[in-house]
Amino acid sequence: MNIQTAYHGSFTVNDEDLLSFPQGVPGFHEEKQFVLIPLEDNNWFQILQSTMTPDLAFITTNPFLYFSEYDFELDGANLEQLGNPTTADIQVLAILTVKNPFNESTANLQAPIIINTANKSGKQVILTDTNYRTQHQILAQPDGKKG
């Protein structure tokens, strides 16, 4: 199927690459289908693109590449909504806010995107009772610390 995208123009998507978000994503509850589009020549970032709305696309990354201590548990309700995936079937993504200059870009660690790679379902989970915020700097600051 061909879709219009925010960053790649017209893009061909295979049906097996479609991701179902039965509850949509917060703020976009009507958006139920997305696809992950890799950035060319870049293994660190992907675009989580709506198949329905061309301008709705999130730049994402594997948060563990930047935050090795990142850790949380999914409750039973979230696991059930994802189809009770095994640990091996879970892919975690963080939505980025890309800024100029790039070293000021941040990752949302409070609301990760969780994908069950076995059944291609996804959900944005909002973590509560945590110190994670919606804006953690992904690159080290001059003093060597991350935000």
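Every read-out reported here was derived from the displayed coordinates using simple, explicitly stated rules and does not represent laboratory data. On a predicted model such as this, the values are computed, not experimentally measured, just so you know.
Points to keep in mind about this one:
- Considering only P63, P26, P101, the mean-square fluctuation computed in a Gaussian network model of the chain, springs between alpha carbons under 10 angstrom, is largest for P101.
- Between the labelled values [x] 67, 43, 26; [y] 47, 38, 27; [z] 60, 37, 31, the entry that holds Cα extents along the principal axes in Å as derived from this structure is [y].
- Rel. contact order, % - alpha carbon contacts under 8 angstrom, at least six apart, the chain: 18
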